[in-house]
Structure formats: C-alpha cells, structure tokens
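Colleague: Have a look at this one.
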Amino acid sequence: MSGPRSDLFENAPCGYAVLDASGRVVEANAELLRLLGRSRDEVEGRLSLAELVSAGGRIYLDTHVYPMLALNGFVREVALDVVQADGERVPVLVSANVTPGPEPDQTRTRVVVLEARDRRRYETDLLESMRTIEAARRDAAELAETLQRTLIPPTPPAVEGLSIAAAYRPAGDGREVGGDFYDVFQVAEHEWLAVIGDVTGKGVAAATVTAFVRHTVRALAMQFRDPADLLVELNRAVLDHDTDRFCTVVVVRLVDDGAGWSLTGSIGGHPLPLVRRPDGSVAELGTHGSLVGVIDAPIFSTFRHRLGDDLLVLYTDGVIEARRDRTLFGLERLLPLVSASDHDPSAVTADVVEAALDFQDGDPRDDIAVLTLGSGRNPPPPG
Amino acid sequence: MDAAVRLNAHASGPAGARPILLVHGFGCDQSMWHHVAPELAVDHRVVQLDLVGSGGSDLDSYDPDRYSRLEAHAEDLVALCRELGLEDVVLVGHSVSAMIAVLAHLAAPELFSALVLVGPSARYLDDGDYVGGFSPSDIEDLLETMDSNHLGWQSPLAGLVMANPDRPELAAELEATFCRNRPEIARHFAGVTFLGDNRDDLRKVTVPTLVLQTRHDAIAPVSAGQFVHDQIAGSQMVVIEGHGHVPHLSAPTETLKAIREFLAR
C-alpha cells in the first residue's frame, strides 16, 4: 500500500492486514494489533500470518487456505486461532483476497480478521451437541437392531426322525420385529415340544413379551406334560407379568414311541393347526381355547393325533388375515393352497409364506410365521 | 468400479508420450496442478487424479480401515497405471503423496521409472534427533481447526445430503467448496498423513528421484527434504527460493524448470 495510512484502513472496526507474496505482514491496523496483543514494530515487516496463528492453523493455511487463495483469489470465513505474545488464543474468522502485482513477488493479499469468541464458543458447543446426538442416535439404532436380531425366531433344530421347516417374515419393510414366534425344543429323550404363538402388538416392547412367553413355555414344559395344563400356567404367568399384552399359542408335544410320532397339543386363542394327509386332504385339528393372559379362568383342551405320514402345519394370523383391499386371505384360500402343495414341510412352508406375501403385494401388514412338521423317516424326494 | 472412475482420473497430452502421474497431497485435490499440468502435457501424457476420499473421487470407496495405511493409496496408483496400460511412468507426488509415490514404486517397481517428490517429509512428528517439525498436540490442533472449518458439513444442509442420496445436487453444493472434503474423511486422512513414518522406506528406492521444495516451507522444512535426499541414493535436490508448501501453485515456472531439467538428465 502506498501513501499515508488511510483512516478507512487504520481505524476499521475489524483487524486488517496486507501481506506480501511470502505471507509476511506488511501493514497491520490498530484493531489487528489489539487482537494480536503485539506492537506494530513486532509485527510489520517481521511476522507472517502463519507465525501469528496456532500450529494447527499454520498447517491449515498451507494445505487449504493458500491453495484456495492461489486458485480462487479469495477465501471467506476461515476459522483460525491467533496466538498472542503471551500465548493466549483468540478465535477469529478470516477472509482474504489477492491482488496480483506486475511481478509474482508483488502480489498482495488483503486479510480481514474478526474476533469471534462468542460465535466460536457457540459453534463449538453446537458441534459437540451434534456429535452427542449423532452418537446417541447411532447407539440407539445399534441397540434396536441387536435386540431385534436376538428376538427373531431361530432356525429350528435338527431332530432325528422329524422333518421341520419354519419361516418368519416381519411386517412392513422387515425392520420392525412383531410378536410372532415359534420354538422347537427337546423336553426328554424322544420327546419334543413345538410352539407357535403371537403376542399382541409390534416392536421391541412386544418382542420383549414374546421372549418372556417363549422362555416361560420352555420352563413350564419341564413341569407339565399335558399341553392344556401348560397353557393354564402360561396364562397365569402372562397375567402376572407387568404388561397389558396377551398372546395366542399352540403347544404340541411330540413323543417318539418307537412306532412313530404321537402328538398331544392344546390351543390358546390361536388359529387351529392344519393336518395335511399324503392324499392331499387337509383338515383343522383341535378346538379353540381361551386367549392367553386375558382371563383368570381360561379353558384349554387337549387334542391327540398320530402323525404317521401326515404333515402338521402351524401358522399365525398374519397368514389368514393377510388383506388385499377389503378381502382377507382366509382359510378358504389357505386350505386349498396347502392341499395343492407338495407333501413336504419345506414346500408347504414356502408356499404358504409366498402366497400370503403375494396376496399383499409383498408388503405384509402383520408378521407371518409358519412351522410345518412331518415324519422325517421317509422324506419324500424333493420336487 | 474402475480405478480411473474411483480416482476421478483425467488424462491429457499426446497418447504415446511418456506418462506423468500427478498426485496431490493432503488438503485439496488435483486442481493443485492447475498451473503445471497443461505445460507438462505439451510433450507428456499427463494423468491427474484425486486420492480416494478427496475431491471428485468415489467417497463411498473410502473404507477407513483400508485407508489407515498410505500403502492403500499407493495400491490405487498402481491399479490405475495398470488399468491405463501406463509404463515408464514419472510419478510426481506432493506432500504426503511423496511418500505414497515411494510406496507405489516399491510395490510395482516395473511401472515407475522416475520419482518427483514435491515438499516431501518422511515423518512429520519429531522423534529424538529427527526434526519433523510437529508435536502430537499440533496435529490435534489441526484436527480442531479443520472441524471449525467444516461447519458447512454440520449444517441442516448436510443432514439433507445424508438423507437424500438420490439428490446429488445437494452434495455437489457442499462439495463444490474446493478444499473442503468430507469432515470425517478429511479428519481420518489428516491422522494417517501426519502420524505416518516412512523413513525406512526411502533407502529402498532404486529409480532416479528429484526432491523439490521451497526454501521456506512450514509443513516440510528444508531439513525434512534434505533427509529424504540423503536417504535416497543418487537422488537430486532442488530448493526453490520462495515460501509455502505448494511450489507448483506459488512458483509454477521454477517448478516446471526443475522437473524438466531433471527429466532431461
């Protein structure tokens, strides 16, 4: 800059400096010297902008700001900390532009420096809050995912002499677990329990009750051989549980008595199991019982069946209550479907789930669970 | 995805000419070669690129685990040269990419016939008698400075970008701000850059090498360049009178002269 310092420069209400091509401060105004906490003689012709900011700012100048100035001719609102002679840091915002000279070494850079203590403190707090929020959101999402994964019904075990196929399809886009569940577990030598059920509601809250019901059934199965007795105890446990939710359940005890599988079961408010015979005929099994967890004196009865070469199909209401417009999928579609399927647990399970999904264009309103059991001694050839 | 797409690679100059690969350093992107690339492209096949995570590269390819080692960037360079069928390549690396260039040469010695290391530093942190110029707290300060300058990315607009991957114009609006790469990537790359140590790799270099820098470089002082020069047998060192870490922007004429004289030898 030539001539006397103008009032506009010297008394500007912001820090103002002119740098030479090497980045050294040629001129600094009063406000800048105040921000820097240094005298004019210390700064002018002696120190570069890089020497007036923090170490990180120095790197940032060389790796970001100077390249931007060289290529764009200006920078705006760069946040830096100037470091005063006594070491105190002052947060500032820096804007600058470049005026080329006739020779490269006559290039001048004008820099405006604004104190930004309050603004930067606010921004730092804001940044911190954003990070906290983001971390909390990530934790919550991760927790929900982990929890839901543990609540999805597991793959059924391999049982000698028994062919088992199960499928579970959550409602909607599949991200929210519902209340459907199934379980197959051993209670004694040659003796297994198969359960299918549905807890009212959806989401993690329903799924925790689902887990409670599943584990309670497992515990009660060891004490009560008769499935109807088991349901009475389960009814009491759900009533005692701190929840307004109730459930529907089918419990089937399977005993291998040497001549094949002998079934005893009981139904609590749940759609009746289906029996598919090798000739393709299909019938419902058992009688409806009370909902589980609603009334103090429920009524459950026991059904018996020799499995033989039949298939036992357990399913939840997500199948028959699948809805297209105002039409329900219903038993009138399910029974012919099971009848037309191959006489194989995997085929029946897959056909039922597929049909229920197709009926709702692949976007189920409720979750769907299907569990099919068959004597596995002479599995029919696939196809 | 092709390496050329991933790295936003652009070629210029005669197809049959000797290839020069220009690799930018930490901070910005290939536009840093704005002044020198057209001049070199008069008689060289010039290939410019953005390191994965910078500029117009494929940001989704930035896997922090993979790119926690400079070797990953070196592998990208090798993959790009192979994909483009380049041989007898002059590899020009600025700043941290000087070390990436060394690693690429060590990984695929058959591809590269000369190295130009612009403003190199084998280690930025001081270590005993070795002067890198920085302490760990300086690097922490850099990360905070970068955070303060990434407010654009913390804004509601950034939230919109994340929530609308199908509206790339939102991201473009943010990314158009030159030298402001995505904060989480820039932060990670800063750590990888400034906490690295490649001093032991230098002695293994076996091709003609030019160490090129300015007299007053606050990031990689002459002593850092001298160390690189001393460790690479037969290397040449040119110090340009001037300031700053980016001679190809601040002194393009001198930079070109040094590179041309080196290649003519």
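Colleague: So, in the range A:200-214, how many residues would count as being farther than 15 Å from A:Leu147 by Cβ and modelled with pLDDT of 90 or more?
Modeller: Total satisfying the criteria: 1.
Colleague: Another question, if that's okay. Please go through the range B:188-213 and pick out each residue that is surrounded by 16 or more Cβ atoms within 10 Å (Cβ to Cβ) and of a type in the set (D, E, K, R).
Modeller: Residues satisfying the conditions are B:Arg199, B:Asp201.
Colleague: For the range A:205-245, which residues satisfy the criterion of being of a type in the set (Val, Ile, Thr), in contact with a helix residue (DSSP H, G or I) (Cβ under 6 Å, 6 or more places away or on another chain) and over 23 Å from A:Phe303 (Cα atoms)?
Modeller: Passing the criteria: only A:Thr243.
Colleague: Please count how many residues of the range B:123-142 are closer than 22 Å to B:Cys28 by Cα, charged (D, E, K, R) and within 14 Å of chain A (Cβ to nearest Cβ).
Modeller: Looking only at that region, the number is 3.
Colleague: Suppose we filter B:Ala171, B:Ala163, B:Ala158 for residues that are under 22 Å from B:Ser57 (Cβ atoms), more than 10 Å from every other protein chain (Cβ to nearest Cβ) and either at pLDDT below 55 or over 24 Å from the mean Cα position of the chain (by Cα) (or both); which single one remains?
Modeller: After applying the criteria, what remains is B:Ala171.
Colleague: Does the range A:263-276 include one or more residues that are surrounded by fewer than 24 Cβ atoms within 10 Å (Cβ to Cβ), on the phi < 0 side of the Ramachandran plot and of a type in the set (Gly, Ala, Ser)?
Modeller: Checking the range A:263-276: not a single residue is surrounded by fewer than 24 Cβ atoms within 10 Å (Cβ to Cβ), on the phi < 0 side of the Ramachandran plot and of a type in the set (Gly, Ala, Ser).
Colleague: If you check A:Ala12 against the conditions, is it among the hydrophobic types (A, V, I, L, M, F, W, C) and in a helix (DSSP H, G or I)?
Modeller: no
Colleague: In the range A:233-320, which strands (runs of 3 or more DSSP E) lie fully inside it and hold 2 or more residues that are under 20 Å from A:Gly178 (Cα atoms) and either touching a residue at least 24 places away in the same chain (Cβ under 8 Å) or not assigned by TED's automatic domain parsing to the domain that holds A:Leu335 (or both)?
Modeller: Correct list: A:247-256, A:311-315.
Colleague: Kindly list the number of the only condition in (1) touching a residue at least 40 places away in the same chain (Cβ under 8 Å); (2) under 16 Å from the mean Cα position of the chain (by Cα) that fails for B:Ala104.
Modeller: Every condition holds for B:Ala104 apart from (1).
Colleague: Among the residues of the range B:54-69, which ones are within 13 Å of the chain's Cα centre (by Cα) and surrounded by fewer than 23 Cβ atoms within 10 Å (Cβ to Cβ)?
Modeller: B:Gly55
Colleague: Something else about it: Please go through the range A:287-303 and give me each residue that is of a type in the set (Gly, Ala, Ser) and buried (at least 22 other Cβ atoms within 10 Å of the Cβ), ordered by number.
Modeller: Across the range A:287-303, the qualifying residues are A:Gly289, A:Gly293.
For every residue, the table says whether it meets (1) more than 18 Å from the chain's Cα centre (by Cα); (2) within 20 Å of B:Ser31 (Cβ to Cβ).
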{"site": "B:Ala186", "(1), (2)": "no, yes"}
{"site": "B:Thr193", "(1), (2)": "no, yes"}
{"site": "B:Thr214", "(1), (2)": "no, yes"}
{"site": "B:Ile219", "(1), (2)": "no, yes"}
{"site": "B:Phe227", "(1), (2)": "yes, no"}
{"site": "B:Gly234", "(1), (2)": "yes, no"}
{"site": "B:Leu249", "(1), (2)": "no, yes"}
{"site": "B:Thr253", "(1), (2)": "yes, yes"}
{"site": "B:Glu261", "(1), (2)": "yes, no"}
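Colleague: Is there a residue being more than 48 Å from the chain's Cα centre (by Cα), assigned by TED's automatic domain parsing to the domain that holds A:Val94 and closer than 29 Å to B:Gly132 by Cα anywhere in the range A:63-74?
Modeller: No: the range A:63-74 contains no residue that is more than 48 Å from the chain's Cα centre (by Cα), assigned by TED's automatic domain parsing to the domain that holds A:Val94 and closer than 29 Å to B:Gly132 by Cα.
Colleague: Residues that are away from every other protein chain (no Cβ under 13 Å) and not charged (D, E, K, R): list the strands (runs of 3 or more DSSP E) wholly contained in the range A:52-144 that include at least 2 such residues.
Modeller: It comes to A:89-99, A:108-115.
Colleague: I would also like to ask the following. Of the conditions (1) within 28 Å of A:Thr107 (Cα to Cα); (2) of a type outside the set (Val, Ile, Thr); (3) more than 10 Å from chain A (Cβ to nearest Cβ), B:Glu184 satisfies every one except a single condition; which number is it?
Modeller: (1)
Colleague: Additional query: Show the residue pairs meeting these rules: Cβ distance below 6 Å; 6+ apart or different chains; first residue within the range A:350-378 and in a helix (DSSP H, G or I); second residue surrounded by fewer than 17 Cβ atoms within 10 Å (Cβ to Cβ).
Modeller: A:Phe359/A:Arg324
Colleague: Let me ask something else about it. Restricted to the range B:237-249, and to residues that are touching a His at 6+ places or on another chain (Cβ under 8 Å) and free of Cβ contacts under 8 Å to residues at least 60 places away in the same chain, which residue is farthest from the other protein chains (Cβ to nearest Cβ)?
Modeller: Once the filter is applied, the top-ranked residue is B:Met237.
Colleague: Does the range B:110-122 include one or more residues that are surrounded by fewer than 18 Cβ atoms within 10 Å (Cβ to Cβ) and either away from every other protein chain (no Cβ under 14 Å) or at pLDDT below 70 (or both)?
Modeller: Yes, the conditions are met somewhere in the range B:110-122.
Colleague: Restricting the search to the range B:234-265, which residues are farther than 23 Å from A:Pro67 by Cβ and assigned to a strand (DSSP E or B)?
Modeller: Matches in the range B:234-265: B:Gln236, B:Met237.
Colleague: Out of A:Phe181, A:Phe212, which single residue is of a type in the set (Phe, Trp, Tyr) and in contact with a strand residue (DSSP E or B) (Cβ under 7 Å, 6 or more places away or on another chain)?
Modeller: Only one candidate passes the filter, namely A:Phe181.
The values are calculated or read from the model by the stated rules, or taken from the named source; none is laboratory data. In this text the structure is predicted, and so the values were computed from the model without any measurement. Neighbour counts run over all protein chains shown; Cβ positions are idealised from the backbone, glycine included.
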